[in-house]
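The values are calculated or read from the model by the stated rules, or taken from the named source; none is laboratory data. This is a predicted model, so every value here is computed, not measured. Heads up, the Cβs are rebuilt from the backbone with ideal geometry, glycines too, and the neighbour counts pull from every protein chain shown. Areas reflect the complete protein model, heavy atoms only, side chains present, ligands, DNA and RNA absent. Shrake-Rupley method; radii C 1.70, N 1.55, O 1.52, S 1.80 Å.
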Amino acid sequence: MDDGAVGRLMERMTLAEKIGQLNLLAAGEGLVTGERQQTSLARRLDGGQVGAIFGTKSLATARAMQERALAGSRLAIPLFFAEDVIHGHRTIFPLNIGLACSWDMALIEATAAHAAAEAAAEGLHQVFAPMIDISRDPRWGRVAEGPGEDPHLASRIAVAATRGFQGDGLGSPGRVAACLKHFVAYGAPESGRDYDNVTLAWEDVIQIYLPPFRAGIAAGAASVMAAFNALNKVPMHANHRLVEGWLRGEAGFDGLVVSDYTGVAELVEHGLGPAPVSVARALHGGIDMDMVGEDYLRELPALAECGLDAPDAGFSLSADHITGLIDRACRRVLTFKQRLGLLDDPFRGLEGAPVAPDRATGRALARKAAAASAVLLKNDDLLPLARKTKVALIGPFAKDRANMLGTWAVSGRAEDVVPLDQAVAALTGRKPITAWGANIVEELWLEQRLNVHGVTVTRDPRSDAEQRAEALDAAAKADVIIAAVGEAKEHAGESSSVLSPELPALQRELIRALAETGKPLALVIFAGRPLAMDQIARHADAVIYAGHGGVAGPEGVADLIFGTEMPSGRLAVTLPVRPGETPLSYAAETTGRPNPGRFAKFRAGWLDLPDDAQHFPFGFGLGYATVRGSAPVLSAPTARAGDTVTLSQVLTNTSTRFTAVETVQLYASDPVARITRPGRWLIDFQQVTLAPGESREVVFAISADQFTYPVAPSLDAVDWVRDPGLIRLHVGPNSRDTETVELTWLD
Ligand code: BGC
């Protein structure tokens with residue numbers, strides 16, 4: 001169909017048919033085969049009342065649903081198929097928070113491209129990804145799915161992932177439409193509690209939470225999903241100012257906006273009025289498709305006929321206005337389908353036998369990604385281990401498969417995971433001594449909650465003392481202890497916020513007991529979130545923060561332990577020192593009483609935090625090689641607004657044995673501004689590989705636009721400013737250990 005196809009369709013469609021296009025439903029199971037055909041979804045398809053479906057599990061199901069939808073639709077308008085492909089599809093990659101720790105945009109693009117190809121081969125057209133919610137709160141479970149705490153890093157990830165999913169454009173074979181989510185500020189809920197509302201200075205919304213969306217849109221992302229939360233009192237499913245105003249206006253988005261799961265219906269609970277009011281608000285606010293709740297389907301016919309007059313809710317719209325809004329949303333749905341090529345060929349991607357990418361290639365990529373995502377936090381000359389080292393592998397994750405997949409693995413399979421004990425055996429040619437050591441959690445009620453989506457947390461019925469004794473016995477027989485500890489997969493993810501982001505108590509006790517043996521101790525932390533590390537790291541000689549690494553997570557870790565891969569991960573999120581240190585960010589604003597690096601009365605800080613606590617800030621991560629950076633050099637100490645200044649630094653790998661993958665990070669601070677600013681913020685980074693002994697120069701280009709900032713008493717009064725004067729540039733291997741040069745803007 002040509003460009004006018006959408007318009008011509010619209011002319012022929014009835015109101016009911018248009019409303020049907022706005023309905024986005026979950027697939028359920030067994031829909032079109034066997035007895036369960038007459039589910040409500042089947043009835044909806046037969047009645048031409050579905051625009052798209054998410055969660056089909058096979059090409060055959062999708063094809064059957066498409067056939068049924070085409071038969072049920074008077075004008076034969078096809079469905080599109082979507083799915084949550086968050087960190088891989090059939091091949092599960094590390095959690096996104098782990099991938100972010102790779103700081104490797106080519107790798108992130110490659111994982112998204114592979115996931116897209118697997119998804120496309122199952123007839124999917126859209127993925128509900130990338131999830132680009134910045135979060136600075138380790139309590140929030142969905143930090144696992146996101147890009148970490150920093151807007152610059154997250155923006156680059158949004159671009160890389162969008163490119164990976166969409167390739168050169170919608171409709172290319174093996175690619176799918178990206179859906180940026182969750183718009184916006186979902187990662188900053190009150191108390192870190194999932195779904196809770198968000199209150200932020202507009203400057204923070206603009207500088208921290210919106211940039212990844214702007215970047216993803218500029219990269220061509222074809223759709224966006226609204227967030228569950230209210231932001232500064234207005235729920236995002238009724239936020240006309242941000243969705244129609246900022247997203248479509250300022251950021252130039254012209255794609256499709258979908259609700260989150262029953263997000264439209266939830267406006268009622270948000271207190272915005274009964275269903276008709278909430279539906280009118282959502283549609284007016286720019287939510288084009290209604291996921292699962294079917295409130296559009298139920299309410300819009302009457303609203304289009306009678307309009308809405310709800311003085312008690314302070315909201316009224318004429319019938320004509322509502323009809324126009326239905327047209328607007330329907331046109332966007334159809335345009336999306338047209339861009340996907342579905343109006344030309346309703347069976348695009350559903351016919352023949354689309355070729356899934358090679359599984360072995362995916363596995364190799366997953367293994368590389370797992371090694372690149374793990375962060376070496378500490379290493380007192382213990383790692384890498386020689387292959388002949390006699391290892392005791394102790395802890396409840398030593399043989400784990402299911403938890404390794406991480407929180408969003410709808411099409412992943414635990415049997416694809418090679419557990420750590422087997423990965424170590426395969427690499428070294430000998431089986432490690434293993435022991436369970438401690439149950440994942442002590443509390444039975446918590447175990448039940450963690451097993452809500454299938455049992456991944458099991459329990460050793462022996463007493464804690466018996467488990468501990470067996471672990472110590474195993475340790476006694478080995479040269480080195482590797483403790484495999486962490487969180488279950490459901491510890492993180494949706495609706496898995498915690499009060500205390502730290503390793504469960506039984507596992508902390510296990511670590512203490514292992515440390516007391518005096519044997520060299522390496523910890524591998526398999527977690528979904530940033531956990532408080534100070535009291536754990538101090539007991540160990542080495543710590544690898546591995547996250548849930550996907551199908552090849554444990555193999556990637558084994559590669560690091562034995563030095564077949566070099567550690568290169570850098571934290572995408574600051575780890576809290578103690579669980580109460582939250583929310584937190586390296587980029588916290590300056591205060592009038594800054595912390596001097598230790599406790600001082602009448603200075604910002606914590607009374608109960610010891611001065612020798614171990615901090616692991618944003619950007620931090622060690623390698624096996626040591627890299628030295630020369631003093632940074634600016635091409636000029638002063639500059640005019642139109643100039644580009646360069647900052648260069650020579651990096652030298654001082655190791656004679658190990659290759660280094662160094663991520664050089666450039667931060668800025670603005671010591672004199674009109675409002676309080678972050679203490680420092682990331683403006684650029686580069687990743688370089690250095691052979692043993694190699695030196696290489698890295699050069700950053702710096703321009704004035706990197707230093708503009710908003711002064712925004714409201715979203716309608718944003719003043720972007722940049723003042724002449726001093727800027728400090730900090731360059732180094734993480735957000736803390738940097739060298740500083742000064743640049744003065746003359747105008
Ligand atoms: C989540 C979304 C997800 C949707 C569909 C919601 O609960 O917030 O991220 O895409 O479900 O599964």
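May I ask you to list the residues in the range 152-190 that are more than 16 Å from the ligand (Cβ to nearest atom), farther than 22 Å from LEU256 by Cβ and not hydrophobic (A, V, I, L, M, F, W, C)?
Answer for the range 152-190, where residues must be more than 16 Å from the ligand (Cβ to nearest atom), farther than 22 Å from LEU256 by Cβ and not hydrophobic (A, V, I, L, M, F, W, C): HIS152, ARG156, GLU190.
Of the conditions (1) closer than 21 Å to LYS489 by Cα; (2) surrounded by fewer than 22 Cβ atoms within 10 Å (Cβ to Cβ); (3) more than 14 Å from the ligand (Cβ to nearest atom), ASP194 satisfies every one except a single condition; which number is it?
Failed condition: (3).
Confirm whether GLY563 is modelled with pLDDT of 95 or more and in contact with a Ser or Thr (Cβ under 8 Å, 6 or more places away or on another chain).
Values: modelled with pLDDT of 95 or more: yes; in contact with a Ser or Thr (Cβ under 8 Å, 6 or more places away or on another chain): no.
No, not satisfied.
Here's the yes/no breakdown for (1) in contact with a Cys (Cβ under 9 Å, 6 or more places away or on another chain); (2) more than 14 Å from ALA398 (Cα to Cα); (3) open to solvent by 60 Å² or more (accessible area, probe 1.4 Å):
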residue	(1), (2), (3)
VAL455	no, yes, yes
ALA478	no, yes, no
ALA483	no, no, no
GLU490	no, yes, no
ALA505	no, yes, no
ALA513	no, yes, no
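Considering only residues of the range 203-220 that are of a type in the set (A, V, I, L, M, F, W, C) and open to solvent by less than 10 Å² (accessible area, probe 1.4 Å), which is nearest to the ligand (Cβ to nearest atom)?
The first filter runs over the range 203-220 and keeps only residues of a type in the set (A, V, I, L, M, F, W, C), leaving 205-206, 208, 210, 213, 215, 217-219.
Now drop any that are not open to solvent by less than 10 Å² (accessible area, probe 1.4 Å), which leaves 205, 210, 213.
Numbers: VAL205: 20, LEU210: 19, PHE213: 15 Å.
The selected residue is PHE213.
Among LEU334, LEU317, which is more than 28 Å from the chain's Cα centre (by Cα) and surrounded by 21 or more Cβ atoms within 10 Å (Cβ to Cβ)?
Among LEU334, LEU317, only LEU334 is more than 28 Å from the chain's Cα centre (by Cα) and surrounded by 21 or more Cβ atoms within 10 Å (Cβ to Cβ).
Please list, ordered by first then second residue, the pairs with beta carbon atoms under 8 Å, 6 or more apart or interchain, first in the range 221-248 and assigned to a helix (DSSP H, G or I), second acidic (Asp, Glu) and at pLDDT below 95.
ARG241/ASP716
Among the residues of the range 67-96, which ones are assigned to a loop (DSSP other than H, G, I, E, B) and either within 16 Å of the ligand (Cβ to nearest atom) or under 18 Å from ALA42 (Cβ atoms) (or both)? If you could, list the steps in order and put the result at the bottom.
Looking only at the range 67-96, we keep the residues that are assigned to a loop (DSSP other than H, G, I, E, B), and these are 73-79, 84-87, 89-91, 93-95.
Of everything in the range 67-96, those that are assigned to a loop (DSSP other than H, G, I, E, B) and either within 16 Å of the ligand (Cβ to nearest atom) or under 18 Å from ALA42 (Cβ atoms) (or both) turn out to be SER73, ARG74, ALA76, ILE77, PRO78, LEU79, ASP84, VAL85, ILE86, HIS87, HIS89, LEU95.
Within the range 106-127, does at least one residue satisfy the condition of being away from the ligand (no atom under 16 Å from the Cβ) and over 24 Å from PRO357 (Cβ atoms)?
Looking through the range 106-127, none of the residues is away from the ligand (no atom under 16 Å from the Cβ) and over 24 Å from PRO357 (Cβ atoms).
Taking GLU149 as meeting all but one of (1) away from the ligand (no atom under 14 Å from the Cβ); (2) out of contact with any Phe, Trp or Tyr (no Cβ under 9 Å at 6 or more places or on another chain), write down the number of the exception.
(2) is the only condition that GLU149 fails.
Would you be able to tell me the number of residues in the range 608-635 that are part of a loop (DSSP other than H, G, I, E, B) and surrounded by 12 or more Cβ atoms within 10 Å (Cβ to Cβ)? Spell out the reasoning first.
We begin by selecting, within the range 608-635, every residue part of a loop (DSSP other than H, G, I, E, B); these are 608-615, 617-621, 623-626, 630-632, 635.
Keeping just the survivors that are surrounded by 12 or more Cβ atoms within 10 Å (Cβ to Cβ) gives 609-610, 613-615, 617-621, 623-626, 630, 632, 635.
Residues flagged as part of a loop (DSSP other than H, G, I, E, B) and surrounded by 12 or more Cβ atoms within 10 Å (Cβ to Cβ) within the range 608-635 amount to 17.
For the range 299-309, check the following and say yes or no: at least one residue is free of Cβ contacts under 8 Å to residues at least 60 places away in the same chain, under 30 Å from GLY98 (Cα atoms) and surrounded by fewer than 15 Cβ atoms within 10 Å (Cβ to Cβ). Steps first, answer last, please.
Filtering the range 299-309 for residues free of Cβ contacts under 8 Å to residues at least 60 places away in the same chain gives 299, 302-303, 305-309.
With the extra rule that they be under 30 Å from GLY98 (Cα atoms), the set shrinks to none.
Looking through the range 299-309, none of the residues is free of Cβ contacts under 8 Å to residues at least 60 places away in the same chain, under 30 Å from GLY98 (Cα atoms) and surrounded by fewer than 15 Cβ atoms within 10 Å (Cβ to Cβ).
Can you find, within the range 598-607, the residue that is farthest from MET566 (Cα to Cα) among those that are open to solvent by less than 80 Å² (accessible area, probe 1.4 Å) and in contact (Cβ under 8 Å) with a residue 12 or more places away in the chain? Reasoning before the result, please.
Of all residues in the range 598-607, those open to solvent by less than 80 Å² (accessible area, probe 1.4 Å) come to 599-600, 604-605.
With in contact (Cβ under 8 Å) with a residue 12 or more places away in the chain added as a condition, the list becomes 599, 604.
Working: PHE599: 36, ALA604: 38 Å.
For the range 598-607, the residue satisfying everything is ALA604.
For the range 120-167, give me each residue that is among the charged types (D, E, K, R), closer than 21 Å to THR199 by Cα and in a loop (DSSP other than H, G, I, E, B).
Taking the range 120-167 and keeping what is among the charged types (D, E, K, R), we get 122, 133, 136-137, 139, 142, 145, 149-150, 156, 163.
Of the ones still in play, those that are also closer than 21 Å to THR199 by Cα are 133, 136-137, 139, 142, 149-150.
Scanning the range 120-167 gives ASP133, ARG136, ASP137, ARG139, GLU149, ASP150.
Going by what's in this entry, would LEU200 be described as modelled with pLDDT of 95 or more, touching a Gly at 6+ places or on another chain (Cβ under 6 Å) and either within 14 Å of the ligand (Cβ to nearest atom) or part of a loop (DSSP other than H, G, I, E, B) (or both)? Quick ask: steps written out before the conclusion?
Values: modelled with pLDDT of 95 or more: yes; touching a Gly at 6+ places or on another chain (Cβ under 6 Å): no; either within 14 Å of the ligand (Cβ to nearest atom) or part of a loop (DSSP other than H, G, I, E, B) (or both): yes.
So LEU200 does not fit the description; no.
Restricting to the range 457-473, give me the number of residues that are surrounded by 16 or more Cβ atoms within 10 Å (Cβ to Cβ), assigned to a helix (DSSP H, G or I) and not basic (Lys, Arg).
4
Please count how many residues of the range 413-422 are open to solvent by less than 20 Å² (accessible area, probe 1.4 Å) and assigned to a loop (DSSP other than H, G, I, E, B). Reasoning before the result, please.
Step one: list which residues in the range 413-422 are open to solvent by less than 20 Å² (accessible area, probe 1.4 Å), which gives 417, 419-420.
Those still in the list that are assigned to a loop (DSSP other than H, G, I, E, B) too: 417, 419.
Residues meeting the conditions: 2.
Where in the range 252-343 are the strands (runs of 3 or more DSSP E), entirely inside, with at least 3 residues that are within 16 Å of the ligand (Cβ to nearest atom)? Outline the logic, then answer.
On the way: elements: 256-258, 308-310, 315-317.
By residue number, 256-258.
Conditions tested, residue by residue: (1) small (Gly, Ala, Ser); (2) assigned to a helix (DSSP H, G or I).
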| residue | (1), (2) |
| --- | --- |
| ALA475 | yes, yes |
| ALA484 | yes, no |
| SER496 | yes, no |
| PRO501 | no, no |
| ALA513 | yes, yes |
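Is it true that some residue in the range 233-242 is charged (D, E, K, R), away from the ligand (no atom under 16 Å from the Cβ) and closer than 20 Å to SER155 by Cβ?
Initially, the range 233-242 is screened for residues charged (D, E, K, R), giving 233, 241.
Filter again for away from the ligand (no atom under 16 Å from the Cβ), leaving 233, 241.
Pick out the ones that are also closer than 20 Å to SER155 by Cβ and you get none.
The answer is no, given that none of the residues of the range 233-242 is charged (D, E, K, R), away from the ligand (no atom under 16 Å from the Cβ) and closer than 20 Å to SER155 by Cβ.
Condition first: polar (S, T, N, Q) and at pLDDT below 95. Can you find one or more residues in the range 81-100 that meet it?
Taking the range 81-100 and keeping what is polar (S, T, N, Q), we get 91, 96.
Among the residues that remain, those that are also at pLDDT below 95 are: none.
No, the range 81-100 contains no residue that is polar (S, T, N, Q) and at pLDDT below 95.
Would you be able to say whether some residue in the range 82-93 is in contact with a helix residue (DSSP H, G or I) (Cβ under 7 Å, 6 or more places away or on another chain) and surrounded by fewer than 24 Cβ atoms within 10 Å (Cβ to Cβ)? Full working, then the answer.
Going through the range 82-93, the residues in contact with a helix residue (DSSP H, G or I) (Cβ under 7 Å, 6 or more places away or on another chain) turn out to be 83, 85-93.
Add one more test, that the residue is surrounded by fewer than 24 Cβ atoms within 10 Å (Cβ to Cβ), and what stays is 90.
Among the residues of the range 82-93, at least one is in contact with a helix residue (DSSP H, G or I) (Cβ under 7 Å, 6 or more places away or on another chain) and surrounded by fewer than 24 Cβ atoms within 10 Å (Cβ to Cβ), which makes the answer yes.
Scan the strands (runs of 3 or more DSSP E) fully inside the range 680-747 and keep the ones with 1 or more residues being open to solvent by 30 Å² or more (accessible area, probe 1.4 Å) and in contact with a Pro (Cβ under 7 Å, 6 or more places away or on another chain). Break it down into steps so the answer makes sense when it comes.
Working: elements: 681-690, 695-703, 709-711, 719-721, 725-732, 739-745.
Correct list: 719-721, 725-732, 739-745.
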